[in-house]
Amino acid sequence: MSVFRNLGNGRFDNVTGTAGPDFRNPSAHRGLAIGDLDNDGRMDAVATVLNLGPARIFHNTTQNGNHWMLLKLTGTKSNRMAIGAKVRLTAADGSVQYNHVTTSTGYACSSDPRVHFGLGASASAKEIEILWPSGIRQVLRDVAADRIVSISETAQ
């Protein structure tokens with residue numbers, strides 16, 4: 001298992017040595033699911049272990065002052081889980097991120113279908129644009145951070 005920190009410039013730093021003792025012990029893993037298990041804005045991981053026992057839970061307990069947002073999308077005209085919905089988030093500082101709704105994030109696992117955005121110093125999203133699988137375009141403005149935002153697909 002390895003842990004890499006995104007440096008924000010197209011490069012990553014290997015921080016496995018500081019990720020805790022569980023990452024220093026070699027073991028055979030197969031699948032890795034990602035999601036915010038305790039709804040605190042920090043992404044956690046669950047790994048399956050080959051022939052060695054139950055799944056391993058890696059609870060993210062890092063502390064920082066960064067803001068975050070989890071979007072829980074519900075389709076009405078589109079599929080209920082909103083699988084395939086595309087999301088563009090513009091943070092208060094003007095930075096733009098893209099993501100989409102999926103549970104398929106790796107081999108032999110299904111991850112949290114909620115869409116996570118790390119917002120850094122921005123305490124809100126200036127705009128969230130959702131393109132639903134049905135083709136409906138929905139825009140939300142001035143959405144506060146550090147919470148789970150439930151969004152249902154509009155009728156048009």
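Quick rundown of the values:
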| quantity | calculated |
| --- | --- |
| Those chymotrypsin sites (Phe, Trp or Tyr not before Pro) in region 73-132 that DSSP places in a loop and that have at most 14 other beta carbons within 10 Å | Y107 |
| Solvent-accessible heavy-atom area per residue, rounded to whole Å², over the chain at 1.4 Å | 60 Å² |
| Gyration tensor over alpha-carbon atoms, region 1-58, equivalent ellipsoid semi-axes in Å | 21, 16, 10 |
| Additional length obtainable on full extension of the chain from D93 to T16, 0.36 nm per residue less Cα span | 24.7 nm |
| Carbon + sulfur, % of accessible area of the chain - ligands and nucleic acids excluded, 1.4 Å | 51 percent |
| Between region 9-37 and region 112-156, the Cα center-to-center distance that results, in Å | 28 Å |
| [x] 1.01; [y] 0.93; [z] 1.14, with the label sought being that of the calculated Cα Rg over 2.2 N^0.38 Å | [z] |
| Solvent-accessible area of R114 with every protein chain in place, 1.4 Å probe, in Å² to the nearest 10 | 50 Å² |
| 5 angstrom amide H check on S78, placed H, neighbours 5+ away | S134 |
| Amide H within-cut-off set for G120, under 5 Å, with H built and near neighbours excluded | H67 |
| Computed over region 22-156: relative contact order in percent, which uses C-alpha pairs under 8 Å that are six or more apart | 27 percent |
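The values are calculated or read from the model by the stated rules, or taken from the named source; none is laboratory data. Just so it is clear, the model here is predicted, and its values are computed rather than measured. Here Cβ is always computed from backbone atoms with ideal geometry, including for glycine, and neighbour counts include all displayed protein chains. Accessible surface areas use protein heavy atoms only, side chains included; no ligands, DNA or RNA. Shrake-Rupley method; radii C 1.70, N 1.55, O 1.52, S 1.80 Å.
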